[in-house]
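This report concerns only the one structure given below.
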Amino acid sequence: MALATLGAFFIGEYPEGVAVMLFYSVGELFQDAAVNRAKGNIRALLDIRPDRATVFREGMYRVVSPESVSVRERIRVKAGEKVPLDGRMLSPVSSFNTAALTGESVPATIREGERVLAGMVNLDRVIEVEVEKEYADSSLARILEMVQQATTRKAKTELLIARFAKVYTPLVFLLAVAITVLPGFFVHDYQFETWFYRALVFLVISCPCALVISVPLSYFGGIGAASRNGILFKGAGFLDRMGLVNTVVMDKTGTLTKGVFKVQRVVAAGPDEREFLRKVVALEGYSNHPVAKAIVAYGLEERGVLPVVEEVREIAGYGITGLIEGSRVVAGNDRLLLKEGISYDPRIDAMAETVVLVAVNGMYEGYIVIADELKEDAARAVRNLRKQGVEEIVMLSGGRSALVEKVAATLRLDSALGDLLPEDKVRYIEELKSDPRRMTAFVGDWINDAPVLAMSDVGIVMGGVGADAAIEVADVVIQTDQPSRIATAMQIARSTKRIVMQNIVLALGIKIVILLLGALGYVTMWAAVFADVGVALIAILNAVRILKKRFK
């Protein structure tokens, strides 16, 4: 553009030289406005960071920076204030606006003992929270880091356009020189000013800003639209992949079910059920698994003084073992007891519910029946995935096969496998990936899902309840814990890809036509400027329209 302006002045076409500068500047203003609009969602997310916390210290409440608050300190949050740090609710109950984190407009009710996350807005009354994570490790800080990193991770199309621009610019300059010089060898009435003017028009038209700006802006808009819907893509490349997914594999607990277990009954083989439960609760207190937490919560009233547990060992996919009062206690699934060579009542294998088997010193001592329930939108999630063209939906679980098959039949899944270890899930995904026609997404939520999340084409984690390790290795985070948002993520990914392709076809198609006409002398510099700025503006407006689009 600068060379075209100077060239126009050189041959005395001052109005057209001014027009190039004027319209290019106007186009830049519109482009900046469009970019700022696309960054609005990200900026709004950054603006929700709390800048102060009211902490209880030395017998009084003090207002300090959230970064200075330590784990286990107690903070107070007034009605209308943002929660500054992740913690555990100490007050009886309150309602919270969680839209900034999850995109969900309906207020959430959180009760005593439940988790409160930084960025939530307290709606009801003054509450107290015990801090569980430092500010840098809070859910809000992690989300902000993910979104900011996502905007720097380029999709293949973006990288291709960037490489294209590096080759395209010097090539265009060479062609402009050729348009100016070569006709002198073939045209009998050659006039330098005429062909030099055509070369300047060619330069104006060839400016690649429509592509270079609109393609990254399209991906930026897609990431912003997803974050507004409670979905975090860790990079533009995962938007591309998500749009191609045709096979979805899901974990059961915490993904399709609530992962909030409740003890249904306790069956002790011996006469002392209280002592049986006391040992199990003491052992399960060393595990963070949802089943273990359910047992501990159930035994809260009945357990009495808990015994000391030593040599605790948690075995992923099996259960937990430990030494209690000189006795070796084992609590886990049927695989764990079989691995230990311990026999148990064979009728338990026919139960559909989740069962925790317990043995002491190699002798079967009883079992605890645990129940979970499907998430409200689990069936809708499956229907929506079908509508998005997903060909196969599979459920993999470490839970009992009878229960897994029952859930799969209720949701009408294509297939389901139970009694799986983490390595079994990895082998299953490897088999799926061996088929080049498949683009496989795995959806999980817990730490034992981390290996399979890392190796799948797209790893999706339920971020609200998901373990930190699973969130770190996943490519997409569903902040709302709603499986129905997986289909929403596909919608956003496919809309983004359509917009990217529309902009590429539009920009290249119009420019090729105008370039040919300009080289042949049928287009003036005025028309070239209008064509360049017009195409750029159309492409940019097309890129940002995804921010206004509503996704179901």
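The values are calculated or read from the model by the stated rules, or taken from the named source; none is laboratory data. Everything quoted here is computed from the prediction, not taken from an experiment. Every residue, glycine as well, gets a Cβ built from its backbone with ideal geometry; the counts of neighbours run over all protein chains shown. For the accessible areas, the whole protein counts, side chains as well, though only heavy atoms, and no ligand, DNA or RNA atoms are used. Shrake-Rupley method; radii C 1.70, N 1.55, O 1.52, S 1.80 Å.
Miscellaneous remarks
- Leading residue by the ranking (nearest to R265 (Cα to Cα)) among those in region 334-351 that are hydrophobic (A, V, I, L, M, F, W, C) and open to solvent by 30 Å² or more (accessible area, probe 1.4 Å): M351
- Odd one out for A118, checked against (1) in contact with a Ser or Thr (Cβ under 7 Å, 6 or more places away or on another chain); (2) open to solvent by less than 10 Å² (accessible area, probe 1.4 Å); (3) modelled with pLDDT of 90 or more: (3)
- Matching residues in region 183-197 - criterion: being open to solvent by less than 90 Å² (accessible area, probe 1.4 Å) and free of Cβ contacts under 8 Å to residues at least 12 places away in the same chain: G184, V187, Y190
- Residues of region 198-208 classified as of a type in the set (F, W, Y) and either open to solvent by 70 Å² or more (accessible area, probe 1.4 Å) or not in a helix (DSSP H, G or I) (or both), total: 0
- Total residues in region 243-278, condition of a type in the set (V, I, T), open to solvent by 10 Å² or more (accessible area, probe 1.4 Å) and either closer than 17 Å to R400 by Cβ or in a loop (DSSP other than H, G, I, E, B) (or both): 4
- Per the listing V281, V329, the residue uniquely over 39 Å from the mean Cα position of the chain (by Cα), within 28 Å of G113 (Cβ to Cβ) and surrounded by 21 or more Cβ atoms within 10 Å (Cβ to Cβ) is V329.
- Residue list for region 1-30, filter: of a type in the set (V, I, T) and within 17 Å of G534 (Cβ to Cβ): V20, V26
- Among the conditions (1) under 26 Å from G418 (Cβ atoms); (2) among the β-branched types (V, I, T); (3) at pLDDT 85 or above, V309 misses just one, which is (1).
- Annotation: of all residues in region 81-110 being among the charged types (D, E, K, R) and part of a strand (DSSP E or B), the one that is modelled with the highest pLDDT is R88.
- A297, sole failed condition from (1) open to solvent by less than 50 Å² (accessible area, probe 1.4 Å); (2) among the small types (G, A, S); (3) not in a strand (DSSP E or B): (1)
- Set side by side, the residues I368, I393 differ, and just one is in contact (Cβ under 8 Å) with a residue 24 or more places away in the chain, within 22 Å of P290 (Cα to Cα) and of a type in the set (V, I, T), which is I368.
- Residue in region 304-324 that is surrounded by the most Cβ atoms within 10 Å (Cβ to Cβ), counting only those that are touching a residue at least 40 places away in the same chain (Cβ under 8 Å) and out of contact with any strand residue (DSSP E or B) (no Cβ under 8 Å at 6 or more places or on another chain): G317
- Contacts under 7 angstrom Cβ, first residue in region 415-439 being within 16 Å of L244 (Cβ to Cβ), partner open to solvent by 50 Å² or more (accessible area, probe 1.4 Å), 6 or more apart: L432/R438; M439/R241; M439/L244
- Flag set for R383, criterion: at pLDDT 90 or above and not small (G, A, S).
- Which numbered condition F238 fails, given (1) free of Cβ contacts under 8 Å to residues at least 60 places away in the same chain; (2) open to solvent by 20 Å² or more (accessible area, probe 1.4 Å); (3) not in a loop (DSSP other than H, G, I, E, B): (1)
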